[in-house]
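Reviewing the structure listed below.
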Amino acid sequence: MSRTNKENSGVAPFYTFAITWVISSFIFPPHRVWGLLCTLGVSAGAAAIAAAISRRKAKKAAAAANPAPAAEETRSTVEKVEKKSYGPEVDPILEEGNRALSEMGRLYSTIENPEIRSKINEIMRITDKITQDAIEDPSDIPQIKKFMNYYLPTTIKLLNTYDRMSAQGIQGENLDKSMKNITDMLDEAIAAFQRRLDSLFANQALDIETDIKVMNTMLAREGLTGEKDFDVQQQKGQTT
């Protein structure tokens, strides 16, 4: 491989990463953790693709200069990044969640109304937490599936409708009424999604309460609680 080809294959991913980072920062809010992670993931993916393409071009040029035997098997120039699997039930939820976040990120960038953008941002935050709960507590999967299969897609559908209406650049009674209805619906959706997220932690809250009760019982039995130690000291004082 020539020096020029090596330099090009090394520089292209860097520029691709930088350019994609700048573009993605306008789509995903950089002040949010999930937005920063999305920006990093998209930029890294774009850089990986650019690196693969650069290597492929370099190998083709090298093969043309030094033809290899026809019977020799060559390695694929596109490196496949293996995704971590969390199981057949969790993986589809994560994929659907990522698709939904990507679509809402696109809507966030195209809708100019700051009020709607703020609501989209909150829905994305809740969606990300609900999606991640599938990993942390698989017993919540039935509730999460209902959220993913109906509530979230319907919300995204209405956001797309709002996006098309706002892009018309005109005003009218029916148009304004429909857009206001969608705006009001988003408030209801956010409140409902927050309640759904809170309900997903019911099992964890119950487990925590159980663990605390068991621990308090064991501490009292062993005489390690503050109240019992105080009682023992009192009894010692009375006997003396």
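Taking θ = phi - 60°, what integer Hz values does the Karplus form 6.51 cos²θ - 1.76 cosθ + 1.60 yield along the stretch 168-177, in sequence order, with x for Gly and Pro?
Working through the residues one at a time gives 5, x, 10, 10, x, 4, 5, 5, 5, 5 Hz.
Leaving ligands and nucleic acids out of the surface, order L224, L186 by accessible area at 1.4 Å, largest first.
From most accessible down to least: L224, L186.
Checking the a/c ratio against 1.5 first, then a/b against b/c, what shape does the Cα gyration tensor give for the stretch 101-176? Don't jump to the answer; show the numbers that get you there.
Details: a/c = 3.58, a/b = 2.31, b/c = 1.55.
Taking the square roots of the gyration eigenvalues as a ≥ b ≥ c, the stretch 101-176 is prolate.
Structure shown: which of K129/K213; K84/K119; K146/K213; K119/K145 lie over 24 Å apart, alpha-carbon to alpha-carbon?
Among K129/K213; K84/K119; K146/K213; K119/K145, the Cα-Cα distance tops 24 Å for K129/K213; K84/K119; K146/K213.
At 0.36 nm per residue, and after removing the present C-alpha to C-alpha distance, how many nm does the segment from Q132 to K180 gain when stretched out fully? Mind showing how you got there, number by number?
Details: separation 48, 0.36 × 48 = 17.28 nm, distance 3.16 nm.
Answer, rounded to one decimal: 14.1 nm.
Please calculate the 1.4 Å probe accessible area of Y150, with all protein chains present, and give it to the nearest 10 Å².
Around 140 Å² of this residue is reachable by solvent.
The values are calculated or read from the model by the stated rules, or taken from the named source; none is laboratory data. A quick note: this is a predicted structure, and the numbers were derived from the prediction, not measured. Note: accessible area is taken over every heavy atom of the protein model, side chains too, but ligands, DNA and RNA are not part of it. Shrake-Rupley method; radii C 1.70, N 1.55, O 1.52, S 1.80 Å.
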